[in-house]
Each structure stands twice: as structure tokens, then as C-alpha cells.
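So the structure is just underneath, and the comments pick up after that.
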């Protein structure tokens, strides 16, 4: 059975979301920058801005010099993440095999779904219409027999909404006029060295590479020759990998009004750690990775995380939380939301240490802390969460 791989891609996803919220940006050159300063670099540019000569990585002041009508927008990571998750739920209705590439871009494996959704072209067209109807987002779609062909079919389209289907056994004809620097896997092969060598050999298109025998390429390019030769032929056997889900616990707090006092913010974080540790103990699991996400009132998000030894006790996580907090909270801007995630959650290790290197005094103090936390758990289970709390969490 021929594989049917679909690549759905929303170009300049952050700008597309900004246009969905603000119709005045439609049809105008728009650029996305991380911070609103003259020396900031452009992260994304719209099709109109690209036509004016702008490109990602260009300084914002230089971009305004070339394009005075340029509109600058700031990123909203939370908005991007929420929109990405909403679109993923729409993709899950089409096929269980989908792989996120980056926000606003996915691979879908439609092999064997013709009886449910019809031909891949029809399924792709319906997906495009649903994206526009539900979320006001236009994307480009490429369909081919491999991830490589589907990717190039989508990314070589000029602007959304467009769809390109490369028929089976037509991959080589489609790839022939394309430049090798469009290959997404070249980074694994030291792209600059490979491209320089191909230029020296006057192999400037994938069609020219496909005409050279594999043995001749191996004599010049070494181990990279086989993979490059297969790509030029349109051969890519890599599967669509569904996203790996890891068990995690999450606590979040929306601050109303927003806060800027470090002691107040740290107290809320300590309350979150107590909540997570209590749930871990109730489920008889431990946390091996702790993450703190802080969202400011200007929608900027900062994340700090750290791997920890498997634990479910506040005494182990509170010092780590304090370190993560001061890594995140460095701006003099009010904080709107705090998110704590206990990641890589699982059962505790069954193999105990043969020798206990902890001093007796510290071991005794640890036992007292654990008994205190267990007693607090019993009180809260009986009388409610706010029956008793630490002074630092108020």
C-alpha cells in the first residue's frame, strides 16, 4: 500500500494568530520580534514583508528603513501554545498518527484512511476549510508518499491557502528542479560542507544529484552520499512519530490583581509545591523533573526547569523551587500567572541504597519533616485545604 503523508503548515504562525485577532494587519507587511526595541531581530515575517525584502534575523530598525509601513507585533507564547493544542484536536479527528514539527506545523499519516475520509487530496481540502472556518487560519498542504516529499510540496508553495499533491512515482520529477539546500535533513550532514562540495561538483539541483551513480557519489562524499542520493530520488522511509506523552502533574495560579512582590509570588509558588507533593504522596509516585513557568502581564512567558532525584517531599523541592523562581522572575513587570509542573512522574525506585551517607542528625530531621507533612495531609483531608497552612504561603 502506498503511503499517504500530509504536511499541514501555517506560515508565520505567530503572525497568522495576530491577524486572526486584528483584521487591520491583513494585507500589510508584518514582522514578529521578541522584544520591542530598535536592535531586536525579526523572528517571523509575513509574505508581504518578505516581498519588500525583509527576512528573519534582520534588525528591526533596518527593516523599518527598508519598509516604513512595516507593522511590528510581539509574540504571545501562551496564545501560540493554546492555538497549537486546539488545532491538534482537530487533526486527531482525521488520523491517530500525527507528528508536530513546530507550532503551526504537523505531519499526518493518512495511509489506509481512504474508506473513512476519501482520497488524501479530499481529506486535505476539508482540513483546510475546517481550519479557516473554525480558527480563521489559512495553511499550505503538501501530500506525498514520504515525509520529505510532503514537506517540500508544502514549503515550496508561495502563500496559503494552497494544496499540492505529488502523485506516486512522480517524486523524482517533482524534486528535480529543486535546490539541495531545501532538504530539511541536511543539518544532520553538516550542511555547509555538503552544499559547498555539491557546488564544486556543479550539482545544483536534486535532479542533477539523482543522475549521478551512488558509487561515484560515495567516492567523493563518503557516508553522506547514500542518504543524499535517496533524498534526491524521493526516498524517505522515516515514519510519522506521534508525540510522546509523559505523566505529569500541574498546578497553576492566576493572580488578580497581578503581582510584582517577590515574597508574595514565592509564597504562591510554595503553596503550589505543597499541592503537588500532596498529590504525589496520595498517588504513591515521585517527581523527577520540576518546571516553573511564569507569565507576565505583557504575555511574555519564561520557563525554568531542573532534573531532581525522585521525591515527593517539600523539603527536597522547595530549595530547587527557589532557584527556579529567581531564574524566571528577573523583569520589573507584574506577573499574571504561575504554572508549576511535576514532570517525569512515576513510582519510586524499589532498590534502596546499600549505605546511608546522610548524617544521623540530618536523617532524624528528615524523618520529623516527613511526619509533619503526613500529619498536615491528614488534617487537610479531614478539614479541607485551607484548614492549616504555612505562613510563607499566605
Has the stretch 162-172 got at least one residue that is modelled with pLDDT under 90, closer than 26 Å to residue 46 by Cα and surrounded by fewer than 21 Cβ atoms within 10 Å (Cβ to Cβ)? yes
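For the stretch 213-224, how many residues are crowded, with 16+ Cβ neighbours inside 10 Å and either touching a strand residue (DSSP E or B) at 6+ places or on another chain (Cβ under 7 Å) or closer than 22 Å to residue 174 by Cβ (or both)? Spell out how you get there, then give the answer.
So in the stretch 213-224, the residues crowded, with 16+ Cβ neighbours inside 10 Å come out as 217, 221, 224.
Cutting the leftovers down to either touching a strand residue (DSSP E or B) at 6+ places or on another chain (Cβ under 7 Å) or closer than 22 Å to residue 174 by Cβ (or both) gives us 217.
Total meeting the criteria: 1.
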The conditions are (1) more than 25 Å from residue 16 (Cβ to Cβ); (2) in a loop (DSSP other than H, G, I, E, B), and residue 158 fails exactly one of them. Which is it? (1)
With respect to residue 197, determine if the residue is touching a residue at least 40 places away in the same chain (Cβ under 8 Å), outside any strand (DSSP E or B) and outside the structural domain of residue 333 (by TED's automatic domain parsing). no
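Of all residues in the stretch 15-40, which are closer than 25 Å to residue 81 by Cβ, surrounded by fewer than 16 Cβ atoms within 10 Å (Cβ to Cβ) and in contact with a strand residue (DSSP E or B) (Cβ under 8 Å, 6 or more places away or on another chain)?
So in the stretch 15-40, the residues closer than 25 Å to residue 81 by Cβ come out as 15-26, 30-37, 40.
This time we only want the ones that are surrounded by fewer than 16 Cβ atoms within 10 Å (Cβ to Cβ), so: 21-24, 26, 34-37.
Passing the criteria: 34, 36.
Could you grab me the full set of residues in the stretch 291-307 that are part of a strand (DSSP E or B) and either surrounded by fewer than 17 Cβ atoms within 10 Å (Cβ to Cβ) or within 18 Å of the chain's Cα centre (by Cα) (or both)? Can you show your working first?
Here is the first cut: in the stretch 291-307, the ones part of a strand (DSSP E or B) are 291-296, 301-307.
Residues satisfying the conditions are 291, 292, 293, 294, 295, 301, 302, 303, 304, 305, 306, 307.
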Of (1) in the same structural domain as residue 346 (by TED's automatic domain parsing); (2) in a helix (DSSP H, G or I), residue 253 satisfies every one except (2)
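Identify, from the list 338, 273, the residue that is out of contact with any strand residue (DSSP E or B) (no Cβ under 6 Å at 6 or more places or on another chain), within 27 Å of residue 77 (Cβ to Cβ) and surrounded by 20 or more Cβ atoms within 10 Å (Cβ to Cβ). Don't jump to the end; show me each part of the working.
Details: 338 fails: out of contact with any strand residue (DSSP E or B) (no Cβ under 6 Å at 6 or more places or on another chain).
From the options 338, 273, the qualifying one is 273.
Test residue 317 against the stated conditions and say whether it is at pLDDT below 90, closer than 20 Å to residue 390 by Cβ and under 30 Å from the mean Cα position of the chain (by Cα). Quick ask: steps written out before the conclusion?
On the way: at pLDDT below 90: yes; closer than 20 Å to residue 390 by Cβ: yes; under 30 Å from the mean Cα position of the chain (by Cα): yes.
Yes, satisfied.
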In the stretch 32-47, what count of residues is obtained for those that are touching a residue at least 24 places away in the same chain (Cβ under 8 Å) and either under 14 Å from residue 15 (Cβ atoms) or not assigned by TED's automatic domain parsing to the domain that holds residue 75 (or both)? 8
Determine which single condition residue 50 fails, assuming it passes every other condition in (1) in contact (Cβ under 8 Å) with a residue 24 or more places away in the chain; (2) in a helix (DSSP H, G or I). (1)
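Can you work out which of the residues in the stretch 225-246 that are loosely packed, with under 12 Cβ neighbours inside 10 Å and either touching a helix residue (DSSP H, G or I) at 6+ places or on another chain (Cβ under 7 Å) or at pLDDT below 85 (or both) is nearest to residue 310 (Cα to Cα)? Working first, answer last.
In the first step, residues of the stretch 225-246 are kept if they are loosely packed, with under 12 Cβ neighbours inside 10 Å; the result is 237, 243-246.
Retained after the next criterion (residues that are either touching a helix residue (DSSP H, G or I) at 6+ places or on another chain (Cβ under 7 Å) or at pLDDT below 85 (or both)): 243-246.
Details: 243: 24, 244: 21, 245: 19, 246: 15 Å.
Step by step, filter the stretch 225-246, then rank; the result is 246.
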The residue that is nearest to residue 152 (Cα to Cα), considering only those in the stretch 203-235 that are in contact (Cβ under 8 Å) with a residue 24 or more places away in the chain and outside any helix (DSSP H, G or I), is 234
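I'd like the full set of residues that are surrounded by fewer than 16 Cβ atoms within 10 Å (Cβ to Cβ) and within 14 Å of residue 229 (Cα to Cα), limited to the stretch 185-196. Break it down into steps so the answer makes sense when it comes.
Within the stretch 185-196, the first condition is being surrounded by fewer than 16 Cβ atoms within 10 Å (Cβ to Cβ), and the residues that meet it are 185, 187-188, 190-193, 196.
Hit for the stretch 185-196 is 185, nothing else.
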In this structure, is residue 69 over 17 Å from the mean Cα position of the chain (by Cα), part of a loop (DSSP other than H, G, I, E, B) and either surrounded by 17 or more Cβ atoms within 10 Å (Cβ to Cβ) or at pLDDT 90 or above (or both)? yes
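Out of all the residues in the stretch 114-131, which are buried (at least 20 other Cβ atoms within 10 Å of the Cβ) and in contact with a helix residue (DSSP H, G or I) (Cβ under 8 Å, 6 or more places away or on another chain)?
Step one: list which residues in the stretch 114-131 are buried (at least 20 other Cβ atoms within 10 Å of the Cβ), which gives 120, 123-124, 127-128, 131.
Listed by number, the residues that qualify are 120, 123, 127, 131.
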Only one of (1) assigned to a helix (DSSP H, G or I); (2) buried (at least 21 other Cβ atoms within 10 Å of the Cβ) does not apply to residue 134, and that is (2)
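Residue-wise test of (1) at positive phi; (2) out of contact with any strand residue (DSSP E or B) (no Cβ under 9 Å at 6 or more places or on another chain); (3) assigned to a helix (DSSP H, G or I).
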residue	(1), (2), (3)
78	no, no, yes
83	no, yes, yes
87	no, no, yes
91	no, no, yes
94	no, no, no
107	no, no, no
112	yes, yes, no
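The values are calculated or read from the model by the stated rules, or taken from the named source; none is laboratory data. Keep in mind that this is a model prediction, so the values were computed, not measured. Note that we place each Cβ from the backbone using ideal geometry, even for glycine, and neighbour counts take in every protein chain shown.
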